[in-house]
Amino acid sequence: MRFDTLIKNALIITAVDRFSADIGIHGGRITALGRDLGEADDIIDAEGLWVLPGGIDAHCHLDQPLGDGAVMADDFHSGTRSAAAGGTTTVIPFAAQHKGQSLRAAVEDYHRRSEGKAFIDYAFHMIVTDPNETVLKEELPALIEEGYSSFKIYMTYDDLRLNDREILNVLALARREGAMVMVHAENADCIAYLAELLTESGQTGPYYHGVAHSSIGEREASHRAISLAELVDVPVLIVHVSGPEAIEQIRWAQNRGLRVYGETCPQYLMLTAADLDRDGFDGAKYVCSPPPRDPAAQEAVWQGLETGVFQVFSSDHAPFRFDDPQGKKLHGEHAHFEHIPNGIPGLETRLPILFSEGVVKQRIDVTRFVALTATNPAKIYGLYPRKGTIAIGSDADLTLWDAAAKSTIRNAELHHAVDYTPYEGLELTGKPVLTLCRGRMVSRNGQPTAAPGDGIFLHCDRPQPARPRGEAKGF
């Protein structure tokens, strides 16, 4: 047999196994695993390297239109270029509906923004902010059928959040249509109450963003989201979980047999509230929601990764330049914490950080690394087994890792369009040295090698993890 590409001497690691074999690739897919497979147009020797599925960043924001004058630094060009350099082969950003806007119009606009720009493959989540009758009865069911099988809802931010009845309505629709619901779980009234008290006392710098977004408010909202989902009997995924309070709610639900999934991010492993308290306005670089907590919260997040409370590890890449009047300094260098654009960059650094801090330091096994960063996201969002694994018939999305390579994170060497990284100077062990997306090389030694438009849009199936248990109350 002759292949387009043959990867020889591969130590293959999936979410469930590790074994040595050669990988035959033809037509962008894996067509053979074994030894002495045949000839190929291109041969890659993986001796001494680990071959993992390409990463899936299932929670990132690219070129998302905002209503307050802020502009995201990364579009589909710079964002997917950066992702490829960090070992990621698929991203799933958000087509965001604004209140009063058609959801379908938001999806169509996002296709225009992405067309011809992506270096790697991509799908869309939706953000539902206005679940009116047309959206619930016409647009959402049709879009889910067309391959947009996941959407996010917010319990905070005045221009995004849904009330409990609206949440129940969209959860019921998700149950009926087989969609996965992602929930940003923070209590909006708790945040507003604390922000008012802090403002009255003149405590308005970046550090107080973390005080206003308390872990208690995150815990309450997580419990409420879980309870509403239990009432309707629909699985939900609580995103960007920051510490033990919310983790306890997710674990409680999972121990009761509920299909509740958890996601966390690098910022909750590597940053703390002290970063928000840096000199001058520098703390604004670390403003995100929920905010980083304390070292004890970091340890709780690590334990959640180790013990399986979390199924997904995403970047929540929300890129705003620091020294930019359309970025973190939208309202000047002395802005009230409520007016600092929320989010930090992390597409390119997500995988190397978790590999170095988790796998190399033996906090998690490499098979769990694969599950968290590739296989589980593919399953939860309807892309498996095309994506997220190394198997015959799957797309040849592969990342070759040098587990011993040393590097230091420097923003000057990253490929996003942001003027800082929150992880500047972090020393890492292990890095992706070669990444293939559908058999095409998209990065080598940390440098993108693909071209804009090489990535394709992916329609997502209805995910099996979104199926209900069949115990809705009151039906």
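I want to confirm something. Restricting to region 360-376 and keeping residues that are touching a residue at least 40 places away in the same chain (Cβ under 8 Å) and not in a helix (DSSP H, G or I), which single residue is most open to solvent (accessible area, probe 1.4 Å)?
The residue in question is R363.
Yes or no, residue by residue, for (1) in contact (Cβ under 8 Å) with a residue 40 or more places away in the chain; (2) surrounded by fewer than 22 Cβ atoms within 10 Å (Cβ to Cβ); (3) outside any helix (DSSP H, G or I):
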{"site": "R113", "(1), (2), (3)": "yes, yes, no"}
{"site": "K117", "(1), (2), (3)": "yes, yes, yes"}
{"site": "E138", "(1), (2), (3)": "no, yes, no"}
{"site": "I153", "(1), (2), (3)": "no, no, yes"}
{"site": "D159", "(1), (2), (3)": "yes, yes, yes"}
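Output the number of residues of region 400-455 satisfying the condition of being open to solvent by 60 Å² or more (accessible area, probe 1.4 Å) and either assigned to a loop (DSSP other than H, G, I, E, B) or hydrophobic (A, V, I, L, M, F, W, C) (or both).
9
Being touching a His at 6+ places or on another chain (Cβ under 7 Å) and part of a helix (DSSP H, G or I) is the filter here, so list the residues in region 228-268 that pass it.
Passing the criteria: only Q249.
Kindly provide the set of residues from region 304-325 that are part of a loop (DSSP other than H, G, I, E, B), of a type outside the set (S, T, N, Q) and under 8 Å from the mean Cα position of the chain (by Cα), ordered by number.
Hit for region 304-325 is D316, nothing else.
Here are D74, D68, D36: which of them is open to solvent by less than 10 Å² (accessible area, probe 1.4 Å), out of contact with any helix residue (DSSP H, G or I) (no Cβ under 6 Å at 6 or more places or on another chain) and either among the basic types (K, R) or part of a loop (DSSP other than H, G, I, E, B) (or both)?
Answer to the check: D74.
At pLDDT 95 or above, of a type in the set (D, E) and within 21 Å of the chain's Cα centre (by Cα): which single residue out of E186, E196 fits that description?
E186
If you go through region 92-110, how many residues are open to solvent by 50 Å² or more (accessible area, probe 1.4 Å), part of a helix (DSSP H, G or I) and in contact (Cβ under 8 Å) with a residue 24 or more places away in the chain?
Within region 92-110, residues that are open to solvent by 50 Å² or more (accessible area, probe 1.4 Å), part of a helix (DSSP H, G or I) and in contact (Cβ under 8 Å) with a residue 24 or more places away in the chain number 1.
Give region 235-272 a look and list any residue that's open to solvent by 30 Å² or more (accessible area, probe 1.4 Å) and either at pLDDT below 95 or of a type in the set (A, V, I, L, M, F, W, C) (or both), or say none.
The answer is W252, M270.
Taking region 211-233 as the search range and keeping residues that are within 21 Å of the chain's Cα centre (by Cα) and surrounded by 24 or more Cβ atoms within 10 Å (Cβ to Cβ), which one is farthest from Y261 (Cα to Cα)?
Result: H213.
The values are calculated or read from the model by the stated rules, or taken from the named source; none is laboratory data. In this text the structure is predicted, and so the values were computed from the model without any measurement. Please note: Cβ atoms are built from the backbone with ideal geometry, for glycine as well, and neighbour counts cover all protein chains shown. Side chains are part of the model used for accessible areas, which takes the heavy atoms of the whole protein and leaves out ligands, DNA and RNA. Shrake-Rupley method; radii C 1.70, N 1.55, O 1.52, S 1.80 Å.
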